[in-house]
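J.: This is the structure I want to talk about, given as structure tokens.
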Amino acid sequence: MIKNGEFCVYNGNEYELNEDNDGNLIIITTNREIIDATFVDEYNSGVYSKIISPNEIQEAYECRTYGLINGYKVSIRKELKDTFFVGTGDRKIADILGHEEDAVKLNERAEIIEERMEELWDDDFGMYLNRRTDNDEFQYRLSPFHFHALFSHRVGQERAEKMIKEHMRNPEEFWGEYILPSIARNDPAYPDNDYWRGRIWAPMNYLVYRALLEYDLPEMNKLHHYLYIYFHLVVYTWKIPL
């Protein structure tokens, strides 16, 4: 059974976990054996939901189903008899699967994005930045997403080293005992420490780590320091069993 999304345990049974349009926490199921009169089928579709409070949840977790194709990780979206539907935006995987037309489109799209990305480099600041479309001005608020530019080989070794030295390894922005915060430490939003305003997220760190692998960066000491901090954050702070 393919399972993707957020789930929880309520009264000993598993339900999908979501929010309604008013921001209320709701549990969802199609299994009539685990519902009672407090559940509603709002659209007569066989999908039952109920508003609950967080303290009623016994356990909450997220599930993602993945598969490996020639060593590449892909998300599995749906299962139909002996067929799996996979989703990927990776041009290499599209090529392996024999989707030549998709691979060509993804390659073309990547070339356009990488070419346009050059317009976002600020050499004085040493970073690829967001740019407003109404007044063409750079925006200097930084998040880990800015380091995703390192996925492109157009960045080059010199710029990559500058980004790491002046920003990632800068304790006023991203470096510290735990890395990387979802917004720079010197940003006015950082003290909120709420969701994308300062919190640290493992998936966000992982994507930056993958981008760093594209370059030989002396500032990162072959990434062992980054990996140590990341490992400590995930395993010890979130108490994930080994």
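J.: Condition (residue is touching a residue at least 60 places away in the same chain (Cβ under 8 Å) and in a strand (DSSP E or B)) applied to the stretch 51-64: is it met by at least one residue?
T.: Scanning the stretch 51-64 turns up at least one residue that is touching a residue at least 60 places away in the same chain (Cβ under 8 Å) and in a strand (DSSP E or B).
J.: Picking from 106, 142, which residue would you name as being outside any helix (DSSP H, G or I) and either among the aliphatic types (A, V, I, L, M) or modelled with pLDDT of 95 or more (or both)?
T.: Details: 106 fails: outside any helix (DSSP H, G or I).
Matching residue, one of 106, 142: 142.
J.: OK, next. Of all the residues that make up the stretch 109-122, how many are in a helix (DSSP H, G or I) and surrounded by 14 or more Cβ atoms within 10 Å (Cβ to Cβ)?
T.: First pass over the stretch 109-122, keeping only residues in a helix (DSSP H, G or I): 109-120.
Then drop every residue that is not surrounded by 14 or more Cβ atoms within 10 Å (Cβ to Cβ), which leaves 110, 114, 117, 120.
Matching residues across the stretch 109-122 total 4.
J.: Every residue in the stretch 74-103 that is part of a helix (DSSP H, G or I), surrounded by 12 or more Cβ atoms within 10 Å (Cβ to Cβ) and of a type outside the set (A, V, I, L, M), please. It would help to see each step written out before you state the result.
T.: Pass one, the stretch 74-103, residues part of a helix (DSSP H, G or I): 91-96, 100-103.
Next cut, surrounded by 12 or more Cβ atoms within 10 Å (Cβ to Cβ) only: 91-96, 102-103.
Passing the criteria: 91, 92, 95, 102.
J.: If you take the residues in the stretch 181-213 that are hydroxyl-bearing (Ser, Thr, Tyr) and in a loop (DSSP other than H, G, I, E, B), which one is farthest from residue 146 (Cα to Cα)?
T.: Of the residues in the stretch 181-213, the ones hydroxyl-bearing (Ser, Thr, Tyr) are 182, 190, 195, 206, 209.
When the remaining residues are screened for being in a loop (DSSP other than H, G, I, E, B), the result is 182, 195.
Details: 182: 11, 195: 18 Å.
For the stretch 181-213, the residue satisfying everything is 195.
J.: Right, here's the next one. Looking at this structure, is residue 138 of a type outside the set (A, V, I, L, M) and either farther than 14 Å from residue 118 by Cβ or exposed (fewer than 11 other Cβ atoms within 10 Å of the Cβ) (or both)?
T.: Details: of a type outside the set (A, V, I, L, M): yes; either farther than 14 Å from residue 118 by Cβ or exposed (fewer than 11 other Cβ atoms within 10 Å of the Cβ) (or both): no.
Here the answer is no, as residue 138 does not meet what is asked.
J.: What number of residues within the stretch 30-48 are modelled with pLDDT of 95 or more and surrounded by 15 or more Cβ atoms within 10 Å (Cβ to Cβ)?
T.: Residues in the stretch 30-48 being modelled with pLDDT of 95 or more and surrounded by 15 or more Cβ atoms within 10 Å (Cβ to Cβ): 3 in total.
J.: From the residues in the stretch 155-207 that are modelled with pLDDT of 90 or more and β-branched (Val, Ile, Thr), which one is farthest from residue 117 (Cα to Cα)?
T.: The residue in question is 183.
J.: Would you confirm whether or not the stretch 168-179 contains a residue that is under 20 Å from residue 216 (Cβ atoms), assigned to a helix (DSSP H, G or I) and either without any contact (Cβ under 8 Å) to a residue 40 or more places away in the chain or touching a Phe, Trp or Tyr at 6+ places or on another chain (Cβ under 7 Å) (or both)?
T.: yes
The values are calculated or read from the model by the stated rules, or taken from the named source; none is laboratory data. Remember, predicted model here, so these are calculated numbers, not experimental data. Cβ coordinates were reconstructed from backbone atoms using ideal geometry, including for glycine residues, and neighbour counts include every protein chain displayed.
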